[in-house]
Each structure stands twice: as structure tokens, then as C-alpha cells.
Amino acid sequence: MKVLLSRFVREERGSTALEYGLIAAGLSVAIVTVVTQIGVTLVRLKASAAAAGN
């Protein structure tokens, strides 16, 4: 097990894949946050327009 762990630590490809994974995770969180906020804003806008129409 120690040999596998030391080999993984020395390997460049593993760290590159990890970095790309972290970038993808960060972008995913940002996209979900933005889309959620747009949805909340649209719901409020619709409610405001409906209230103004009455």
C-alpha cells in the first residue's frame, strides 16, 4: 500500500486530474448558484407583475 501511495504522490498525471476535477467542481457550484439566483429573481418578478395587474 505504501508503494502505491508513494507512486501516486510522485505521479504528475494524478495531480493534474485532481486539479481539473477541482476546477470542474468549482465551476459547477458557480453555475448552480447563478441559475438558482436567476430563478428566484424570475419568480419574484412574476409575483410582482401579477400583483400589479390586480
For V32, work out the one condition from (1) surrounded by 10 or more Cβ atoms within 10 Å (Cβ to Cβ); (2) in contact with a helix residue (DSSP H, G or I) (Cβ under 9 Å, 6 or more places away or on another chain); (3) among the hydrophobic types (A, V, I, L, M, F, W, C) it doesn't fulfil. (2)
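Report yes if some residue within the range 9-28 is more than 27 Å from the chain's Cα centre (by Cα) and at pLDDT below 95; otherwise report no. Show your work before the answer.
Taking the range 9-28 as the starting set, the residues that turn out to be more than 27 Å from the chain's Cα centre (by Cα) are 10.
Then keep just the ones that are at pLDDT below 95; that gives 10.
Yes, the conditions are met somewhere in the range 9-28.
The values are calculated or read from the model by the stated rules, or taken from the named source; none is laboratory data. Fair warning: this is a prediction, and the values are worked out from it, not measured in the lab. Don't worry about glycine lacking a Cβ; one is built from the backbone with ideal geometry, like all the others, and counts go over all protein chains shown.
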